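Shown next, in structure tokens, is the structure this report addresses.
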Amino acid sequence: MSASDRSRVLVTRAEPGATRSCAALAERGFDAINAATAVLKAHEVALNLKGVSLIAVTSPFGASCLATATSERRLPVIAVGDVTASRLREAGFEKVNSASGDARDLLAMIRERAPEGEVLHVRGVDQTGDLSAELNARGIRARSEILYAAEPVSALPGAVWASLAAGATVLIHSAKGAERFNDLANAADQVEALLAARIVAISTAAAEPLKSLGVARLKIARRPDEDALFDALENRPSARA
């Protein structure tokens with residue numbers, strides 16, 4: 001495997017995030033290849049915020065969709081992570097806090113706030129987990145609103161599979177992305193190459209679909225955010241095997 005193969009990375013997250021991740025990786029000196037497994041599409045939704053005292057947002061794209069779906073900017077908003085929080089602030093939301101973690105951290109922060117009104121969770125169609133159900137089970141009134149969906153791609157370019165066979169690392173941002181990449185590899189008869197590939201995942205949950213298949217080399221970021229994911233890619237101390 002050449003040095004260029006070792007620095008080549010397949011970015012499997014959905015668009016428009018894949019393009020941003022490729023640009024960020026290029027700044028770190030990687031040869032990032034866009035292998036987006038889906039495209040996120042916003043729904044046209046007019047949000048009903050009556051009775052809502054807190055909004056929970058679990059992805060950067062969800063933050064962008066929320067900004068389009070309502071002109072309200074004064075309600076408190078809690079984001080799952082710092083990138084999502086930054087996107088909300090850029091859109092003009094005035095009261096933004098970040099759980100700086102994953103869905104469990106978000107749930108814990110909402111419970112600490114003990115909101116008196118209803119919690120609105122804005123989400124995608126196939127987003128993992130059900131935050132509103134978790135909150136309702138703990139006595140906090142909550143509901144969810146679907147603002148976007150991921151449309152899977154039908155196939156990936158041959159250059160993606162050639163890079164995988166040559167030793168490119170596969171970057172995994174979500175469990176759904178891992179599932180979609182595996183499905184695409186199956187369709188392209190590239191399962192053996194996938195099982196032998198180096199996989200770097202943002203979290204244990206994101207890695208699970210590929211881990212259960214028996215991938216040979218798997219590394220998981222110590223925190224569920226992209227900075228830690230890139231550190232894992234670079235074999236920095238913020239990563240774990």
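The values are calculated or read from the model by the stated rules, or taken from the named source; none is laboratory data. Computed from a prediction, not measured in an experiment: that's the story for all the values here. Don't worry about glycine lacking a Cβ; one is built from the backbone with ideal geometry, like all the others, and counts go over all protein chains shown.
Is it the case that segment 168-177 has a residue that's among the hydroxyl-bearing types (S, T, Y) and either closer than 28 Å to G81 by Cα or within 20 Å of the chain's Cα centre (by Cα) (or both)? Spell out how you get there, then give the answer.
Within segment 168-177, the first condition is being among the hydroxyl-bearing types (S, T, Y), and the residues that meet it are 169, 174.
Cutting the leftovers down to either closer than 28 Å to G81 by Cα or within 20 Å of the chain's Cα centre (by Cα) (or both) gives us 169, 174.
Yes, that holds for at least one residue.
Give the residue, chosen from E118, E112, E134, that is on the phi < 0 side of the Ramachandran plot, acidic (D, E) and free of Cβ contacts under 8 Å to residues at least 12 places away in the same chain.
E112
V57: β-branched (V, I, T) and surrounded by fewer than 22 Cβ atoms within 10 Å (Cβ to Cβ), yes or no?
Values: β-branched (V, I, T): yes; surrounded by fewer than 22 Cβ atoms within 10 Å (Cβ to Cβ): no.
Against the criterion (β-branched (V, I, T) and surrounded by fewer than 22 Cβ atoms within 10 Å (Cβ to Cβ)), V57 does not qualify.
This table checks each residue for (1) in contact with a strand residue (DSSP E or B) (Cβ under 7 Å, 6 or more places away or on another chain); (2) in the same structural domain as R104 (by TED's automatic domain parsing); (3) free of Cβ contacts under 8 Å to residues at least 60 places away in the same chain.
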position	(1), (2), (3)
T12	yes, no, no
S21	yes, no, no
A26	yes, no, yes
G29	no, no, yes
L54	yes, yes, no
T58	yes, yes, no
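For segment 91-121, what are the residues that are part of a loop (DSSP other than H, G, I, E, B) and touching a helix residue (DSSP H, G or I) at 6+ places or on another chain (Cβ under 8 Å)?
So the first thing to find is which residues in segment 91-121 are part of a loop (DSSP other than H, G, I, E, B), and the list is 91-95, 99-102, 114-117.
Across segment 91-121, the qualifying residues are A91, G92, F93, A99, S100, D102.
Here are some conditions: (1) buried (at least 21 other Cβ atoms within 10 Å of the Cβ); (2) within 30 Å of S100 (Cα to Cα). T204 meets all but one. Which one does it not meet?
Status for T204: all satisfied but (1).
Tell me yes or no: at least one residue of segment 77-89 is closer than 21 Å to T19 by Cβ, among the charged types (D, E, K, R), in a helix (DSSP H, G or I) and in contact with a strand residue (DSSP E or B) (Cβ under 9 Å, 6 or more places away or on another chain).
yes
Considering each residue of segment 122-143, count those that are assigned to a strand (DSSP E or B) and under 17 Å from P76 (Cβ atoms), and give that number. Can you show your working first?
Of all residues in segment 122-143, those assigned to a strand (DSSP E or B) come to 122-124, 142-143.
Okay, now just the ones that are also under 17 Å from P76 (Cβ atoms), so 122, 142-143.
Residues meeting the conditions: 3.
Considering only residues that are of a type outside the set (D, E, K, R), assigned to a helix (DSSP H, G or I) and within 20 Å of V125 (Cβ to Cβ), which ones fall in segment 174-210?
Residues of segment 174-210 of a type outside the set (D, E, K, R): 174-175, 177-178, 181-182, 184-188, 190-191, 193-197, 199-207, 209-210.
Imposing the further condition that a residue be assigned to a helix (DSSP H, G or I) reduces the set to 175, 177-178, 181-182, 184-187, 191, 193-196, 204-207, 209-210.
Scanning segment 174-210 gives A175, G177, A178, F181, N182, L184, A205, A206, P209.
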